[in-house]
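Input: a single structure, listed below in structure tokens.
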Amino acid sequence: MNRTPSGVTVRQDCTSSLENKKSVMLLNKRIPLSYLIINIKFALVYVLIVSFSAHFFSKEHQESLPDMPLAIPAFIGTAISVLLSFKISQSYERWWEARKIWGSIVNDSRSLIIQLQSFVSSGNEEQIKKIAFRQIAWCYSLGRSLRGLGPLDNIDAFISADELNELKQHTNKPLAMLNVHGNDIKNLKERNQLDVFAQVQLDSTIVRLCEAQGKAERIKNTVFPATYRSFLHAIIYLFVITLSLSFKDIAWYFEVPLLIFISVPFFLLESSAKDMQDPFENRPTDTPVTAIARNIEINIKQMLKETAIPQPMQPETFHLS
């Protein structure tokens, strides 16, 4: 065990409990078929019902139904492709922005500690360590807050009990930590442990961290229009119906599997876009904020020459926390 400058006991396994939620990011590995089926299982059931209904309806009323040329479902399929392309593009843009935000958090977290070690006068190592450990806590807390989890869970190893109790009074816990950062830097300046230039540089870094938090919260709180998905699903079902009518001369045991096989790629792409559009929702397509926070913890502790350095998080099958 080690002790932080604030008197909090730090265990070598203190971050292991942060892995209790499997909020993850897909890796460049083979994705299990079961994961894909789970994502579209309800859509497949609907397609099955629609295709059977359309097939038997067309058989019962074959005389009264006009011939359905293949050009009509082909046109609808083209429209679906355009709509899917737009949604995938917009969803990926949101996911990639979230990843860039957390990349900036990595850079600014490192910069904050380097600046403290460079600017603060000798003899303030304990104060530097206190701010550094709070920055680690901030990274974990922000990630959990974005995922709708308890933002103060499992961070008591990095900050004191008194400070933790003070944070509980705030609605936005990560923001409160940044505010404490600012107060500590202000106190260092008032004690002449920092010059004006150093204070400005440190304040700028904290401002960038605050901006990164705000950008991540904007993505989290901006909902992709649900009506777009409903409209897209309705178009796909219409495509299945018109295609079924075009295949009315084909036996049902050939027609139904064919309709499912043709519609599955549309639903898979739509499901992937849906997952990417919300990168902080405890899904395999999440931005790996816990793994990123762990890397930040490793970097900061090594800069502080700590001995209790955790291992980087390892992927769980096809995804990373």
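Scan the range 193-207 and give yes if some residue there is over 30 Å from E281 (Cβ atoms), open to solvent by 80 Å² or more (accessible area, probe 1.4 Å) and among the charged types (D, E, K, R), otherwise no. Yes, the range 193-207 contains a residue that is over 30 Å from E281 (Cβ atoms), open to solvent by 80 Å² or more (accessible area, probe 1.4 Å) and among the charged types (D, E, K, R). Assess whether K59 counts as being among the basic types (K, R), modelled with pLDDT under 90 and surrounded by fewer than 21 Cβ atoms within 10 Å (Cβ to Cβ). So K59 fits the description; yes. Open to solvent by 80 Å² or more (accessible area, probe 1.4 Å), at pLDDT below 65, touching a Ser or Thr at 6+ places or on another chain (Cβ under 7 Å) and not small (G, A, S): does that describe R3? When the stated conditions are applied, R3 passes them. Inclusion of I128 among residues that are β-branched (V, I, T), buried (at least 19 other Cβ atoms within 10 Å of the Cβ), under 18 Å from R208 (Cα atoms) and out of contact with any Gly (no Cβ under 6 Å at 6 or more places or on another chain) is not warranted. Taken over the range 184-222, the criterion of being in contact with a helix residue (DSSP H, G or I) (Cβ under 9 Å, 6 or more places away or on another chain) and in a loop (DSSP other than H, G, I, E, B) is satisfied by Q193, L194, D195, T222.
N107 fulfils the conditions (1) open to solvent by 10 Å² or more (accessible area, probe 1.4 Å); (2) free of Cβ contacts under 8 Å to residues at least 60 places away in the same chain; (3) closer than 22 Å to N221 by Cβ except for a single criterion, (3). Among the candidates S263, S246, S272, the residue that is open to solvent by 50 Å² or more (accessible area, probe 1.4 Å) and within 30 Å of Y228 (Cα to Cα) is uniquely S272. S145 meets each of the listed conditions (1) farther than 17 Å from A291 by Cα; (2) of a type in the set (S, T, Y); (3) open to solvent by 40 Å² or more (accessible area, probe 1.4 Å); (4) in a helix (DSSP H, G or I) apart from (1).
Residue by residue, here is whether (1) assigned to a loop (DSSP other than H, G, I, E, B); (2) among the polar types (S, T, N, Q); (3) closer than 17 Å to Y92 by Cα holds:
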site	(1), (2), (3)
H233	no, no, no
F239	no, no, no
I250	yes, no, no
P265	no, no, no
Q302	no, yes, no
I309	yes, no, no
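Within the range 153-177, the set of residues being open to solvent by 10 Å² or more (accessible area, probe 1.4 Å), within 26 Å of F119 (Cα to Cα) and assigned to a helix (DSSP H, G or I) comprises E163, L175.
The values are calculated or read from the model by the stated rules, or taken from the named source; none is laboratory data. The structure displayed is predicted, hence computed values, not measured ones. For neighbour counting, all protein chains shown are included, and Cβ atoms are generated from backbone atoms with ideal geometry for every residue, glycine included. Ligands, DNA and RNA are excluded from the accessible area calculation, which covers all protein heavy atoms including side chains. Shrake-Rupley method; radii C 1.70, N 1.55, O 1.52, S 1.80 Å.
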